[in-house]
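Heads up: the structure comes next, in structure tokens.
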Amino acid sequence: MQSALVFHGSADLYGSDQTTIDMVRGLLTGGWRVTVGLPHEGPLVQVLELAGATVHIGGFEPFGRSTLSPLGLLASPYQIVSSTLACWRLVRKLQPDVVHANTLIIPAPALAGRLAGKPVVWHIHEIMTRPKALVWLLTHLVGLLASKVACNSEATLDELASHNPRLRKIATVVPNGVTDFPALDPEQVRAQLSIPSDRFVFLFVGRLNAWKGQEVFVEAAAAIAKRHPQAYFLAAGDAPDGQPHFRESFEALIEKHEIGMSFRYLGFHSDTHALYSAADASVVPSLLPEPFGLVAAEAMAASLPVIVAGHGGLKEIVVDGETGMHIEPGNVSSLIAAMETMLVSSDETLAMGEAGKKRQVQHFSVGRYQQSFLEMFQGLARKAA
């Protein structure tokens, strides 16, 4: 039986974590034995183990906010060396046919895989532009260490290649996939969430950070609520560990605009299927270019029209005027106009949702995503053998 050793830099259940689960399940279904290395405990561990993977905790650390501080940069050589040694020991112990480094910010697994003479797939999920010196270093490490580079969108590949054009020779785009959503009764879900059944619900799902655009969503919601009493706004997602100020400022902004009667914030919510079932449209107002934009594809899978910031991977997912609408990033007025269009054009809004479902099935299915990685791993294993 062929085996893969997958290193992932998080143990949460957000975008890149969900795509890791999908990839691992695809490999397991394809007859591979899979071990996943994680830096720490978290909810992802149980999901992976239930899927049939073996999970190894500890030994390496991804680059984080602390790494980019002056003290962090001074300590980073030690971090890279110690993490690489730990990963190398695990590679040597397990002798996998393929090593998978998941996300740009964990170079140690790729370095360890190369030192052990194993094929390395480096899976890039992010568009990283700063600090420039670190971006240059990481993109050139990708070129030196990766046997194959998988990017989640053309936007991600374009940014990567802008720093190291030679990567196009070994890179391929594998868009993330999403699963079909179970049939849920929207009225029942709304009742459970205490949402009036006659409202038009706009949904925001995502981590609360400096660039997801949650403030833009609240500002637009405040304006829409005054003009359209039938509008309702639902938000789900929490701040990253150690950064509670994003949640605090988000809640303070909702309170400032006094829209609590029309706005429901749930915090982290594991059942996103239910949230999409309760909504009429989804909003993804990211201030910076999304490498992909998984929540947009998820909303399309639930037959929702999607309003997205018109840059990055989101432009590749949502077709403007066909499966949703593009807005100017960070522009509250642009978002208000798009939301009002969906509110008053019910037939067009429903048609966008139906077209989005068809596009998701054709381009962003989990089956297609899993098959792409299974074929990639099989090809590298055969070549190495």
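Just so it is clear, none of the values below were taken in a lab; they were calculated from the coordinates. No experiment lies behind these values; they were computed from the predicted model shown. Positions of Cβ are backbone-derived with ideal geometry, glycine not excepted, and every protein chain shown enters the neighbour counts.
Quick query: amide H of Val34 versus all other amide H atoms, modeled in the peptide plane; which residues come in under 5 Å with a sequence gap of 5 or more or a different chain?
For Val34, whose amide H was placed from the backbone, the distant partners under 5 Å are Ala4, Thr54.
Using a 7 Å offset from the Cα along the Cα-to-Cβ direction at both His228 and Ala183, what is the distance between the two label points in nm, to one decimal?
With each label placed 7 Å out from Cα toward Cβ, I get 2.9 nm.
Quote the charge dipole size of region 76-219 about the Cα centre in Debye, to the nearest 20; the model charges only the Cβ of Lys and Arg (+1) and of Asp and Glu (-1).
So the dipole magnitude of region 76-219 works out to roughly 1020 debye.
Whole Å is fine, so just give me how far the alpha carbon centre of region 1-61 lies from that of region 231-261.
Taking the Cα centre of each part, region 1-61 and region 231-261 sit 31 Å apart.
Please identify the DSSP H helices in the chain that span no less than 30 Å along the helix axis (Cα) and have a mean Kyte-Doolittle hydropathy of -1.0 or more.
Helix filter hits for the chain: 70-94.
Long-range amide H contacts for His100: which residues qualify at under 5 Å (H placed 1.01 Å from N, peptide plane, sequence gap of 5 or more or a different chain)?
Those qualifying (amide H under 5 Å, at least 5 residues apart or on another chain) are Leu5, Val6, Phe7, Val121.
Sorted by packing (mean other beta-carbon atoms within 10 Å per residue), highest first, where do 358-364, 117-123, 144-150 land?
117-123, 144-150, 358-364
Within the chain, what's the longest stretch lacking GluC sites (Glu not before Pro) that sit in DSSP loops with no more than 12 other Cβ atoms inside 10 Å?
Answer - 42-257.
In whole Hz, what ³J(HN,Hα) sequence does region 263-280 give by Karplus (6.51, -1.76, 1.60; θ = phi - 60°), x for Gly and Pro?
10, 10, 10, 9, x, 5, 9, 6, 9, 5, 4, 5, 5, 5, 5, 7, 9, 9
Only Lys, Arg, Asp and Glu count, each charged at its Cβ (+1, +1, -1, -1), so figure out the dipole size of region 245-358 about its Cα centre, rounded to 20 debye.
180
Just check region 186-363 against the gyration tensor rule for me: Cα atoms, a ≥ b ≥ c as the square roots of the eigenvalues, rounded for a/c under 1.5, and otherwise prolate or oblate depending on whether a/b exceeds b/c.
Rounded, because the longest to shortest axis ratio a/c is under 1.5.
Considering the dipole of the chain built from charges on the beta carbon (Lys and Arg +1, Asp and Glu -1) around the Cα centre, which of Ile124, Gly267, Val344 is farthest to its positive end?
Going by the Cα projections, it comes out as Ile124.
Computed from these coordinates, which is Cα extents along the principal axes in Å: (1) 65, 50, 44; (2) 60, 60, 57; (3) 63, 45, 37?
(3)
Please go through the residue pairs Lys118/Lys169; Lys148/Lys358; Lys118/Lys383 and name each one whose alpha carbons sit more than 21 Å apart in this structure.
In this structure, Lys148/Lys358 lie more than 21 Å apart at Cα.
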